[in-house]
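Single-structure report; data block below.
The values are calculated or read from the model by the stated rules, or taken from the named source; none is laboratory data. Treat the numbers as computed from the prediction; the structure is a model and nothing was measured. Neighbour counts are summed over all protein chains in view; Cβ atoms, including those assigned to glycine, are modelled from backbone coordinates with ideal geometry.
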C-alpha cells in the first residue's frame, strides 16, 4: 500500500500537495474551493481513523492548513498520479 503525505493550505482556495512518503517526490497538486473535498480525501485515505485524528484534522482546517498521511490502495495511488486504465494513449 502506498503512503502519501497530503499537505493542505488555504489562500482564497484550498491547495493540496501530495508527496510520496518513500521517494519524497511530489506526485500531484490539486485545488478546491470547499474544505469538504479535503475531508473526503482524508477519509478515503484512512487518515481519519479515530476521534483524535479527526479533531486534529478539523483544527488544521480551521487554522487554514495542515497535513495528513494517506494510506492508499494501488488503484487510488495510480489514479492520483494520473495512470490510465483501459484507455488508449
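For residue 5, the criteria (1) outside any strand (DSSP E or B); (2) modelled with pLDDT of 95 or more hold in every case but one, which is (1). Can you find a residue in region 75-87 that is modelled with pLDDT under 95, over 15 Å from residue 18 (Cβ atoms) and assigned to a helix (DSSP H, G or I)? Yes, region 75-87 contains a residue that is modelled with pLDDT under 95, over 15 Å from residue 18 (Cβ atoms) and assigned to a helix (DSSP H, G or I).
Restricting to region 9-19, what's the tally of residues that are within 21 Å of residue 73 (Cβ to Cβ) and either over 8 Å from the mean Cα position of the chain (by Cα) or loosely packed, with under 15 Cβ neighbours inside 10 Å (or both)?
Of the residues in region 9-19, the ones within 21 Å of residue 73 (Cβ to Cβ) are 16-19.
From what's left, either over 8 Å from the mean Cα position of the chain (by Cα) or loosely packed, with under 15 Cβ neighbours inside 10 Å (or both): 19.
Counting residues in region 9-19 that are within 21 Å of residue 73 (Cβ to Cβ) and either over 8 Å from the mean Cα position of the chain (by Cα) or loosely packed, with under 15 Cβ neighbours inside 10 Å (or both) gives 1.
The single condition among (1) out of contact with any strand residue (DSSP E or B) (no Cβ under 7 Å at 6 or more places or on another chain); (2) in a loop (DSSP other than H, G, I, E, B); (3) surrounded by 14 or more Cβ atoms within 10 Å (Cβ to Cβ) that residue 47 does not satisfy is (1).
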